[in-house]
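Single-structure report; data block below.
Just so it is clear, none of the values below were taken in a lab; they were calculated from the coordinates. Note that the structure is predicted; figures quoted are calculated from it, not measured. Don't worry about glycine lacking a Cβ; one is built from the backbone with ideal geometry, like all the others, and counts go over all protein chains shown.
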């Protein structure tokens, strides 16, 4: 009999299946433990560099039009962490990145849950009018959308190459008594020679659904329409 790890058995499963499944289960438990260890290690990071300026972003103003929001404005009272995702939609791009679009489709729906605990926003280099038009087409109405068209945020925080190509970066900032500091960036994106960086996989549940199946992720890419 297979070494029992728990008493649950499913209809008509074989001993061969249970032995293999228990081996996988041990690996899944080890992965969970390692993921929690990495998260704990991440939480011990000291503050990174202090932001060099209080970046000014364009944001839709109440009642329409364009307002201005600073980086410090993105910190709600009592919430000292900010997750800021850089959306690949540069001024020369005819359409937004399908991957980023798929990612934000989901983020927009759970933004209200995330912002119960931390601050969250999405920023792109295009004009606010272009961003809002794309957002309206996708029915994004919960996540804060910012334009960095008129500041250097993208180049300072590695979401744009020197020649203007956009990068899907994710940064975390923290507020302290003596200012705002960079805390974390999804830096696996920049490590060469590893294939797809999967740098925001923990934030993007769709891949975990595929990983549960025999087909896996394959070469699937999201579409902008179905």
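Considering only the stretch 131-159, how many residues are more than 16 Å from residue 55 (Cα to Cα) and either touching a strand residue (DSSP E or B) at 6+ places or on another chain (Cβ under 8 Å) or surrounded by fewer than 18 Cβ atoms within 10 Å (Cβ to Cβ) (or both)?
Residues flagged as more than 16 Å from residue 55 (Cα to Cα) and either touching a strand residue (DSSP E or B) at 6+ places or on another chain (Cβ under 8 Å) or surrounded by fewer than 18 Cβ atoms within 10 Å (Cβ to Cβ) (or both) within the stretch 131-159 amount to 11.
For the stretch 207-226, name all the residues that are more than 20 Å from the chain's Cα centre (by Cα) and within 18 Å of residue 24 (Cα to Cα).
Across the stretch 207-226, the qualifying residues are 212, 213, 214, 215, 216.
Kindly check whether there is at least one residue in the stretch 173-181 that is at negative phi and in a loop (DSSP other than H, G, I, E, B).
yes
How many of the residues in the stretch 108-131 are in a helix (DSSP H, G or I) and closer than 20 Å to residue 71 by Cβ?
Selection size over the stretch 108-131: 4.
Within the stretch 183-216, track down each residue that is touching a strand residue (DSSP E or B) at 6+ places or on another chain (Cβ under 6 Å) and within 19 Å of residue 44 (Cα to Cα).
183, 184, 185, 186
If you take the residues of the stretch 160-186 that are over 24 Å from residue 79 (Cα atoms) and touching a residue at least 12 places away in the same chain (Cβ under 8 Å), which of them is surrounded by the most Cβ atoms within 10 Å (Cβ to Cβ)?
Here the answer is 166.
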